[in-house]
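Participant: Take this structure, written in structure tokens, and hold onto it; I'll ask about it next.
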Amino acid sequence: MAGVEEDVVAWRRHLHRHPEVSFEEHETSAFVAQTLAELGVEVSRPTETSVLGRLRGDGDGPVVALRADIDALPIQEESGVDFASERPGAMHACGHDGHTAMLLGAAKTLAADGVPRGEVRFIFQHGEELAPGGARDMIAAGVMEGVDFVYGCHLWTPLEYGKVAAVPGDWMAAADFFEITITGRGGHAGLPHTAVDTVACAAELVGSLQHIVARRIDPLQPAVVTIGSIHAGDAPNVIPGEARLTGTARSFDPDVRSLIPKLIEEIGHGVSAAHGASFELRFVYGYKPVVNDPVATELVRSVVRDELVEPDPIMGGDDFSAYLAEAPGCYAFVGAGGPFPHHHPRFVIDERALAIGTRLHVDVANKVLG
Ligand SMILES: [Zn+2]
Ligand SMILES: [Zn+2]
């Protein structure tokens, strides 16, 4: 696999230089489609910016789907690597360039070795980073029809290089998104009593919303409510008439998941009313939790060598959960130990992890095909 490992690094660096954000992966998907075709893999395009590769064996047998997400993030890269993004405002800051390259490497290896029976499907999915996500488009286009086993992996820098996590049961949280609009009355900053101050209201609301997790949800149930953006006003001497906040909620338990928007409504209306402002919530259910099938996970664990570790579940989300609703499977994490978290402008991975991720795709596919 030595030649393949070099290809994977080269492909990853090419993709890193040319990132495309969610649902705009035109060059990326064209590159994947062309590379797969050159490898002798049957190629189709389930959606405009995604790719499906297929290797079919001669005899009947199981169908195993391997999935990589291919999109980048709207972040200006500051990593300083010499293959940094050449596209202003876009960056592979989550490692999806590595996911794409590893799955291409697996396709190259499996195409060279040949698939004895059954089928291996290579799902190169667009739009993982932006709800409602690309997975549901892929499934609607039929990529999971007849699939017996689905596997994917995420490079993960909090996990050190050389470690692999394949955890049965709850693994990644449900990821939901919301937008809040507080409407008051604009006015002169020196005459606050003649206005309804949306900045003061928003500030108090951000603090009050933290009481959802701290005071309103069972402390033994994991939950997160994060306000990720807050926009109001343009000048120091003007009270803005409107404030807009966006955020995300994370949970595992379905009751907790449905309780969070109700509590945001309740607290939002209460705090806003106390300021004489009005409150509006738009809440969008995003990705279901990633819950790994125990039997499928045991199969994945059987091909992991001495790298296996047992971390706690994480509150990040992934639309890999949509595939898990269609077939038993497992979403693994491959340690890529770097100093910065995912989605950081200086995000880097330990590229040695690419070889482990590539090998796991191949070994899982071969194990399922038996
Ligand atoms: Zn991400
Ligand atoms: Zn990611």
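Participant: Output the residues belonging to the stretch 307-338 that are of a type outside the set (A, V, I, L, M), touching a residue at least 60 places away in the same chain (Cβ under 8 Å) and more than 16 Å from ligand 1 (Cβ to nearest atom).
Facilitator: Filtering the stretch 307-338 down to residues of a type outside the set (A, V, I, L, M) leaves 307, 310-313, 316-321, 323, 326, 328-331, 333, 335, 337-338.
Imposing the further condition that a residue be touching a residue at least 60 places away in the same chain (Cβ under 8 Å) reduces the set to 307, 310-311, 313, 316-321, 323, 326, 328-331, 333, 335, 337-338.
Selection gives E307, E310, P311, P313, Y323, E326, P328, G329, C330, G335, G337.
Participant: Can you tell me which residue in the stretch 73-129 is nearest to V150 (Cα to Cα), limited to those that are more than 16 Å from ligand 2 (Cβ to nearest atom) and β-branched (V, I, T)?
Facilitator: The extreme case among them is V120.
Participant: May I pose another question? Name every residue in the stretch 268-289 that is touching a strand residue (DSSP E or B) at 6+ places or on another chain (Cβ under 9 Å) and either assigned to a helix (DSSP H, G or I) or free of Cβ contacts under 8 Å to residues at least 24 places away in the same chain (or both), in order of residue number.
Facilitator: Residues of the stretch 268-289 that are touching a strand residue (DSSP E or B) at 6+ places or on another chain (Cβ under 9 Å), as a first pass: 268-273, 275-289.
Once the filter is applied, which keeps residues that are touching a strand residue (DSSP E or B) at 6+ places or on another chain (Cβ under 9 Å) and either assigned to a helix (DSSP H, G or I) or free of Cβ contacts under 8 Å to residues at least 24 places away in the same chain (or both), the stretch 268-289 yields G268, H269, G270, V271, S272, A273.
Participant: Right, another one. Which one of V368, V295, V364 is closer than 13 Å to G152 by Cβ, more than 16 Å from ligand 1 (Cβ to nearest atom), of a type in the set (V, I, T) and not in a strand (DSSP E or B)?
Facilitator: Values: V368 fails: closer than 13 Å to G152 by Cβ; V295 fails: closer than 13 Å to G152 by Cβ.
After ruling out the rest, the residue left standing is V364.
Participant: Considering only the stretch 125-138, state which residues are buried (at least 20 other Cβ atoms within 10 Å of the Cβ) and either more than 16 Å from ligand 1 (Cβ to nearest atom) or assigned by TED's automatic domain parsing to the domain that holds F178 (or both).
Facilitator: Within the stretch 125-138, D137, M138 qualify.
Participant: Consider R305 against the criteria (1) surrounded by fewer than 17 Cβ atoms within 10 Å (Cβ to Cβ); (2) under 20 Å from the mean Cα position of the chain (by Cα); (3) within 30 Å of L369 (Cβ to Cβ): it satisfies all of them except one. Which criterion is unmet?
Facilitator: All conditions pass for R305, except number (2).
Participant: Regarding the stretch 40-51, can at least one residue be identified that is within 16 Å of ligand 2 (Cβ to nearest atom), in the same structural domain as V143 (by TED's automatic domain parsing) and touching a helix residue (DSSP H, G or I) at 6+ places or on another chain (Cβ under 9 Å)?
Facilitator: Yes, the stretch 40-51 contains a residue that is within 16 Å of ligand 2 (Cβ to nearest atom), in the same structural domain as V143 (by TED's automatic domain parsing) and touching a helix residue (DSSP H, G or I) at 6+ places or on another chain (Cβ under 9 Å).
The values are calculated or read from the model by the stated rules, or taken from the named source; none is laboratory data. Since the structure is predicted, the reported quantities are computational estimates derived from the model, not experimental observations. Every residue, glycine as well, gets a Cβ built from its backbone with ideal geometry; the counts of neighbours run over all protein chains shown.
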